[in-house]
Amino acid sequence: MLEIKHTLCPSCSVGCGLNVIINNGEIVGTFPYKRHPVNAGKNCLNGRNSIDCYQNKFEKAFVSKSEVDVEKAIEEVSKELNSADSSDVTLICSGSNDIEEIKAIKEFGESKNYNIAFYADNLKDFADVASYDEVAGADKVFVIGDLLYENPLIGRRIVHAKQNGAKIYALGKTENSVTFNIADETSNSSVQEFLDNNKGNIDDSSVIVFNYVDSQDDLDKIEALNCKCLPVFSKSNSKGTLGIMEAKSSDEMIELLENTKVLLVFNDDIAAELDFDFARISKIISFAPCSNKTTEISDIVVPIKTWLEKDGSFVNAMGETQMFAAAVESDVLSEIEIIEKLNG
Amino acid sequence: MSYVLAKSQNDDIHNAGECGGAVTSILKYLLDEEIVDGVLALSPQNDVYDATPTFITESDDLLKTAGSYHCAPTMIGDIVQKYLFDKKVAVTVKPCDMRAVEELITRHKINKDNIYLIGLNCGGTVSPVSGRKMIDLFYEADPDDVVSEEIDKGKFIIELADGSEEAVKIHDLEEEGYGRRNNCQRCDVKIPRKANIACGNWGAEDGWTFIEINDEKGQELIDGAKKAGLIETKNPAQGAIDGREKVEGIMIKMAKKVQDASYPLVSEMDEWSRCISCYACRDVCPICWCFENCELNKPYFKDETTVPPTPIAFQGVRLSHMSFSCVDCGQCDDVCPMDIPVSLIFDKLQKKYYNRTGYVAGVSDDIKPPLYSPEKTEL
């Protein structure tokens, strides 16, 4: 039976709609979701490839690289946790978890006195962020990062701003930034220098859109400016997670990892994001739907549902809560079900 | 080719259908008689702007596909070729759907014997997000209160939950950058005559569907549905035939005017420098079917320093492969994250090819795809 169902793209925090094509109960492709107000059927390559995770999902759990039943793997996780000092255990939450999962992970960690950490691209939450329409309607847009290339459906709003007569100031890490092609002024400087140089131009008709900073000081500097800003995260629910717990900077994350003996990673790929020698950690346990750099170095891997197999909600970069429903049925455990088992 | 007026004999279908429910009843006939395994038609998911291709295998479910959805610029060619190749299916098709299916039949990607094409006349489609904005700006109504919409007599008409209607001239909407999608504005194929039957309300009396029967298979459909007691038919008066022809003529004239507009050269268009090489245009194209062995996936096209790619290197490859078969469905425009009017150059080249050879993609009878014809080399 062929079906097309609505879902959300999990590839970044923009919150684009995505249709998935289901044939005989399996997800086989994507289809434009033109009614979706965020992206009107337009999806970037990452978005269209996001179903790869479902198509390559773990069929089994792993302990020391050997396939085992999920129940056995969860048993092993319990053993590790029971034999560890709680202060040596760190749970890593992810912007890839939905709101209910984040709450469950947090409650689990707090009840056991574990360390809980969340990394949001070295960015943080801002109380009053610009909406996508405000980006398109701004007189001046200051862009930090190659938003056109990396977050194209925000990039599109910057293009609309340009078409509406806005002046675009772009900061990029390389000369090849696609955003430079539509910018009036470009720079490869540090974020601090970029902000300092443009201090006189930034006013309340401006919006700063960014997907990276060099340091936490840059965030404070942006917050102190007299304009709206829009941090764009690399994960679908980073903004929602920030509403539940504070993010740690990369330095804070590394400091915590240095003092961790048992690391539980909930649907994150922290090994790909932080420059840290994870071999220093005695036990790494990953709860993940499919392979990533962190599962590759994990001692125990427990498969979890992909977003396509569960109901949930994400909060997108501009702060809108977006619900999604399971596109397909699945026997795989959700993170909440795994936590219930770990709680006994 | 012959004409007939038809309406459903089933009250529920008659009331739910756009003009007498003949299309839904014909689909019901195909399913009930097990002539097809399923029907692929549009069905609204969350609201009237959200119609999505839906595969129906039980005729009781057909009611949810009744009605017409102008704010659903979908394309079904890809779905049929990728997922329904081995099934016997009936598919409702706009002219661009029909053209795509025809091109794919020519390429042996769709089996003609397996497919019934139920054509729907089309004056154009509106993108759902901009359509809602258009209603918000140009109508008194709240877009959420719209229960149906239609394009008739040069107007975009909305019907509200309380039964009232509002209409605004399409010309006025399009002057302001709203209304039909750009490719629909220049499309001059309004009646899908390669479909087995082409249905619509042009020239029809209220409560009846005007059907053009295009081939033997189409005649069998009408005869079968009538014999099964699902539709009632009558011959249209000459005035109805003339009226329909007049509507089609006006639509084509409007399209030609848009086609005659002058466009800037690609080298003068800023839009191309926004390309992020995401290949959405290629992947959505119903004619670009050799996606698994695409030249653009070869390592020499994968140099990250060439983002944005030069249009001649990226789109040039696609143009040389399939622009002669471009059906002007506008899907490439719709899905481009950077709003690049990709279809403009493809349609332009198709029109140039037409001027040289007379070949209209998905419309002309041709035993070979133009890609393999000698005219392409000459061009």
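The values are calculated or read from the model by the stated rules, or taken from the named source; none is laboratory data. Just so we're clear, the structure is a prediction, and the values are computed from it rather than from any experiment. Cβ atoms come from the backbone with ideal geometry, glycine included; neighbour counts cover every protein chain shown.
Does the range A:63-74 contain any residue that is within 14 Å of another protein chain (Cβ to nearest Cβ), over 24 Å from B:Q331 (Cβ atoms) and surrounded by fewer than 20 Cβ atoms within 10 Å (Cβ to Cβ)? Among the residues of the range A:63-74, not one is within 14 Å of another protein chain (Cβ to nearest Cβ), over 24 Å from B:Q331 (Cβ atoms) and surrounded by fewer than 20 Cβ atoms within 10 Å (Cβ to Cβ), which makes the answer no.
Taken over the range A:37-57, the criterion of being in contact with a helix residue (DSSP H, G or I) (Cβ under 8 Å, 6 or more places away or on another chain) and either of a type in the set (D, E, K, R) or within 21 Å of A:G25 (Cβ to Cβ) (or both) is satisfied by A:K42, A:R48, A:I51, A:Y54.
Modelled with pLDDT of 95 or more and assigned to a loop (DSSP other than H, G, I, E, B), is that true of A:I208?
Answer is no for this residue.
Suppose the filter is basic (K, R) and more than 7 Å from chain B (Cβ to nearest Cβ); does A:K5 pass it?
It is true that A:K5 is basic (K, R) and more than 7 Å from chain B (Cβ to nearest Cβ).
Out of the helices (runs of 4 or more DSSP H) lying entirely within the range A:236-336, which hold 2 or more residues that are polar (S, T, N, Q)? Here the list reads A:238-242, A:293-296. Note on the range B:223-261: residues that are among the small types (G, A, S) and under 28 Å from B:K155 (Cα atoms) amount to 7. Take the residues of the range A:259-314 that are acidic (D, E) and over 20 Å from the mean Cα position of the chain (by Cα): which is nearest to A:V77 (Cα to Cα)? Result: A:D299.
Answer yes or no as to whether A:E110 is within 17 Å of the chain's Cα centre (by Cα) and farther than 21 Å from A:I297 by Cβ. Criteria not met by A:E110.
Where residues in the range B:130-147 are of a type in the set (V, I, T) and touching a residue at least 40 places away in the same chain (Cβ under 8 Å), which of them is surrounded by the most Cβ atoms within 10 Å (Cβ to Cβ)?
Going through the qualifying residues, I end up with B:V146.
Taken together, the residues in the range A:120-176 that are touching a residue at least 60 places away in the same chain (Cβ under 8 Å), within 14 Å of another protein chain (Cβ to nearest Cβ) and in contact with an Asp or Glu (Cβ under 9 Å, 6 or more places away or on another chain) amount to 1.
Looking across the range A:43-58, the residues that are crowded, with 16+ Cβ neighbours inside 10 Å and either in a loop (DSSP other than H, G, I, E, B) or more than 13 Å from every other protein chain (Cβ to nearest Cβ) (or both) come down to A:N43, A:C44, A:S50, A:I51, A:C53, A:Y54, A:K57, A:F58.
Here's the yes/no breakdown for (1) within 20 Å of B:V126 (Cβ to Cβ); (2) more than 10 Å from chain B (Cβ to nearest Cβ); (3) part of a strand (DSSP E or B):
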position	(1), (2), (3)
A:P10	no, yes, no
A:L18	no, yes, yes
A:I27	no, yes, yes
A:H36	yes, no, no
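Per the conditions (1) buried (at least 23 other Cβ atoms within 10 Å of the Cβ); (2) at pLDDT below 95, the sole criterion not satisfied by B:A16 is (1). When the range B:23-41 is limited to residues that are in a helix (DSSP H, G or I) and either under 24 Å from B:C96 (Cα atoms) or of a type in the set (D, E, K, R) (or both), the one that is farthest from the other protein chains (Cβ to nearest Cβ) turns out to be B:S25.
Across the range B:187-198, the number of residues qualifying as farther than 30 Å from B:L344 by Cβ and not in a loop (DSSP other than H, G, I, E, B) comes to 1.
For the range B:79-98: of the residues being out of contact with any Leu (no Cβ under 9 Å at 6 or more places or on another chain) and part of a helix (DSSP H, G or I), which is surrounded by the fewest Cβ atoms within 10 Å (Cβ to Cβ)? Step by step, filter the range B:79-98, then rank; the result is B:K82. Scanning the range B:42-75 for residues that are buried (at least 22 other Cβ atoms within 10 Å of the Cβ), touching a residue at least 40 places away in the same chain (Cβ under 8 Å), within 11 Å of chain A (Cβ to nearest Cβ) and more than 15 Å from A:G41 (Cβ to Cβ) yields a single hit, B:V48. Scanning the range B:322-350 for residues that are within 14 Å of chain A (Cβ to nearest Cβ) and assigned to a loop (DSSP other than H, G, I, E, B) gives B:C329, B:G330, B:C336, B:P337, B:M338, B:D339, B:I340, B:P341.
For the range B:263-287, taking the residues that are more than 7 Å from every other protein chain (Cβ to nearest Cβ) and under 11 Å from B:T310 (Cα atoms), the one that is surrounded by the fewest Cβ atoms within 10 Å (Cβ to Cβ) is identified as B:S267. The residues of the range B:228-260 that are outside any helix (DSSP H, G or I), touching a residue at least 24 places away in the same chain (Cβ under 8 Å) and exposed (fewer than 15 other Cβ atoms within 10 Å of the Cβ), listed by number, are B:G229, B:K234, B:N235.
Surrounded by 23 or more Cβ atoms within 10 Å (Cβ to Cβ), in contact with a strand residue (DSSP E or B) (Cβ under 8 Å, 6 or more places away or on another chain) and over 20 Å from A:D214 (Cα atoms), is that true of A:A138? Criteria met by A:A138.
Any residue at all in the range A:220-227 that's surrounded by fewer than 23 Cβ atoms within 10 Å (Cβ to Cβ), outside any helix (DSSP H, G or I), within 12 Å of chain B (Cβ to nearest Cβ) and of a type in the set (A, V, I, L, M)? Within the range A:220-227 (the criterion being surrounded by fewer than 23 Cβ atoms within 10 Å (Cβ to Cβ), outside any helix (DSSP H, G or I), within 12 Å of chain B (Cβ to nearest Cβ) and of a type in the set (A, V, I, L, M)), the answer is no, since none of the residues qualifies.
Pick from the range A:180-205 the residues that are assigned to a loop (DSSP other than H, G, I, E, B) and among the charged types (D, E, K, R): which of them is nearest to the other protein chains (Cβ to nearest Cβ)? Ranking the qualifying residues of the range A:180-205, first place goes to A:D184. When you check B:M322 against the structure, is it farther than 22 Å from A:N49 by Cα and at pLDDT 85 or above, yes or no? Taking the combined requirement at face value, the residue satisfies it. Take B:I367 and decide whether it is at pLDDT 90 or above and of a type in the set (A, V, I, L, M, F, W, C). So B:I367 fails the test. The condition of being at pLDDT 95 or above, under 23 Å from A:K112 (Cβ atoms) and in contact with an Asp or Glu (Cβ under 6 Å, 6 or more places away or on another chain) holds for only one of A:I270, A:I244, A:I284, that being A:I284. Of the residues in the range A:103-120, at least one is under 16 Å from A:I284 (Cα atoms) and of a type in the set (S, T, Y).
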